[in-house]
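*Asks:* Before I ask anything, let me first share the structure, which is written out below as structure tokens.
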Amino acid sequence: MKTSPLIGIVGSAGAYGRWLRAFFETTMGLAVIGHDPTDATSHSTEDLLEHADVLLFSAPIRHTPALIERYVAQSAGREAGNLWLDITSVKVAPVAAMLHSKADVVGLHPMTAPPKSPTLRGRVMVVCEARLTHWKPWLDTLLAALDAECVPATTEQHDRAMALVQALVHAGHLSQAGVLNAPEMWAGSLASLLPFRSASFEMDVAIAARMLSLNPAIYEDIQFGNPHVPGVLQAVATRMQRIADLVRDGSDAARTAFRDEFLHANQEGFGESVLAAGNNTFERLGYLLADLHDPHSMSIHLPEDRPGSLCELLHIFERHDVSIASLHSSRTPAGEVHFRLGFNRGTRPEQLVAVEVALHASGVGRVLMG
């Protein structure tokens, strides 16, 4: 095992391949080579097998097992003493294929699309250690640098969980999207329905919009590439049909059955701790959505990432007698960290104009348009 290994990424031109390359090079200071059939300038398969100490597969789910098998055959034992990784959303088949090699093998699954941030801080990553002898110290270094919440699992546990955590959730939102797009359900566009939103509806639409904005092949493969998904989808379809039948019946007996089967039974099944945590999360998201919709706000980027910058920013508002009602930090679509400040309704527009002028003059912050 090398302390500074050469990293080879199979699928380096994909979204996650590009993010990982930047992570290895910038955050970990490692050299990276990559192969991708869509990139004529990338390294060859032979280059990766000959020179890479750590080989990471970042390819479409449906092609990954066969792709790994081709690498196993071409490597022909040269991979002994190296580390092979994959980051697909299904684990049993890809990890089994990697185990046909002589390398150490670990399956990774970041539970997020490639973030705008340099690490996976605040995100979950499932870690399936299949065969790990020489490379455990380096893997620990990698996981620490990624800064994700790592969850250990077997490949079977992972795939069963993903049928529920990913496939079930995705199918539900895609089904909702189909209903929302059915003209017989609503006379106008979805945009005309959003003014009637509840917090739950807004979150659901946001999730569907996120899915429909990303690579459709990923969502397709999550449904079709996991053998546990059909049973999960049939189970939810059966329950949805049961609700429809009870509502169509409309009797007091149907209402009682609905309460017993779908409210009381599930309340007991979730348990007090899950209900309490979920309620707390929903409340926090609800307050955040309310703040984000408040027009009395200003978004500001602090170009200098240093202690004291936020304090200087707040002092400028204090000098102009502006009271801050809410403060949130997040990232712009471009990846910049920014602070969104909400103000009391009595705040005068000229006060905020004066704050903006002072911010630009001081260099502390830059007001973001839109």
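The values are calculated or read from the model by the stated rules, or taken from the named source; none is laboratory data. All figures in this text were calculated on a predicted structure; none of them were measured in a lab. So basically every Cβ, Gly included, is an ideal-geometry build from the backbone, and we count neighbours across all protein chains shown.
*Asks:* Only one of (1) surrounded by fewer than 13 Cβ atoms within 10 Å (Cβ to Cβ); (2) among the hydrophobic types (A, V, I, L, M, F, W, C); (3) within 29 Å of GLN157 (Cα to Cα) fails for MET203. Which number is that?
*Replies:* Answer for MET203: the failing condition is (1).
*Asks:* With more than 30 Å from SER200 (Cα to Cα), outside the structural domain of LYS116 (by TED's automatic domain parsing) and hydroxyl-bearing (Ser, Thr, Tyr) as the only criterion, which of SER326, SER362, SER273 stands out?
*Replies:* SER362
*Asks:* Follow-up. Among the residues of the range 63-92 satisfying the criterion of being crowded, with 20+ Cβ neighbours inside 10 Å and small (Gly, Ala, Ser), which is nearest to GLY34 (Cα to Cα)?
*Replies:* Per the criteria, the residue is SER75.
*Asks:* Please pick out the residue among LEU194, LEU164, LEU168 that is more than 30 Å from VAL105 (Cα to Cα) and aliphatic (A, V, I, L, M).
*Replies:* LEU194
*Asks:* Keeping to the range 343-353, report how many residues are surrounded by 17 or more Cβ atoms within 10 Å (Cβ to Cβ) and in a helix (DSSP H, G or I).
*Replies:* Residues that pass the stated criteria total 1.
*Asks:* Moving to a separate point now. Is it the case that some residue within the range 91-100 is β-branched (Val, Ile, Thr), at pLDDT 95 or above, on the phi < 0 side of the Ramachandran plot and in contact with a Ser or Thr (Cβ under 8 Å, 6 or more places away or on another chain)?
*Replies:* Yes, there is a match, as at least one residue in the range 91-100 is β-branched (Val, Ile, Thr), at pLDDT 95 or above, on the phi < 0 side of the Ramachandran plot and in contact with a Ser or Thr (Cβ under 8 Å, 6 or more places away or on another chain).
*Asks:* A further question follows. Six or more apart or on different chains, Cβ under 7 Å: which pairs go from a residue in the range 116-144 that's farther than 30 Å from ALA334 by Cα to one that's assigned to a helix (DSSP H, G or I) and of a type outside the set (S, T, N, Q)? Could you list them?
*Replies:* Close Cβ pairs (under 7 Å, with a partner that is assigned to a helix (DSSP H, G or I) and of a type outside the set (S, T, N, Q)) amount to CYS128/VAL95; CYS128/HIS158; ALA130/VAL95; LEU132/LEU139.
*Asks:* Separate question: Kindly indicate which of LEU233, LEU193, LEU180, LEU246 is under 25 Å from ARG62 (Cβ atoms), in contact (Cβ under 8 Å) with a residue 12 or more places away in the chain and surrounded by 12 or more Cβ atoms within 10 Å (Cβ to Cβ). Walk me through how you get there before you give the answer.
*Replies:* Details: LEU193 fails: under 25 Å from ARG62 (Cβ atoms); LEU180 fails: under 25 Å from ARG62 (Cβ atoms); LEU246 fails: under 25 Å from ARG62 (Cβ atoms).
Checking each option against the conditions leaves just LEU233.
*Asks:* In addition: What number of residues within the range 28-62 satisfy the criterion of being exposed (fewer than 14 other Cβ atoms within 10 Å of the Cβ) and modelled with pLDDT under 95?
*Replies:* Within the range 28-62, residues that are exposed (fewer than 14 other Cβ atoms within 10 Å of the Cβ) and modelled with pLDDT under 95 number 4.
*Asks:* For the range 322-340, does any single residue satisfy the condition of being more than 29 Å from THR119 (Cβ to Cβ), of a type in the set (Val, Ile, Thr) and in a helix (DSSP H, G or I)?
*Replies:* No, every residue in the range 322-340 fails to be more than 29 Å from THR119 (Cβ to Cβ), of a type in the set (Val, Ile, Thr) and in a helix (DSSP H, G or I).
*Asks:* A follow-up question, please. Sort out which residues of the range 208-225 are surrounded by 16 or more Cβ atoms within 10 Å (Cβ to Cβ) and either among the aromatic types (Phe, Trp, Tyr) or assigned to a helix (DSSP H, G or I) (or both), and write them in order of number.
*Replies:* ALA208, MET211, ILE218, TYR219, ASP221, ILE222, GLN223
*Asks:* Look through ALA93, ALA66 and report the one residue that is within 24 Å of the chain's Cα centre (by Cα) and over 25 Å from PRO137 (Cα atoms).
*Replies:* ALA93
*Asks:* Any residue that is without any contact (Cβ under 8 Å) to a residue 24 or more places away in the chain and either touching a Gly at 6+ places or on another chain (Cβ under 6 Å) or basic (Lys, Arg) (or both) - is there at least one of those in the range 1-14?
*Replies:* No, that holds for no residue.
*Asks:* If a residue counts only when it is more than 20 Å from PRO5 (Cα to Cα) and in contact with a His (Cβ under 8 Å, 6 or more places away or on another chain), which strands (runs of 3 or more DSSP E) contained entirely in the range 93-163 have at least 2 such residues?
*Replies:* Answer list for the range 93-163: 124-131.
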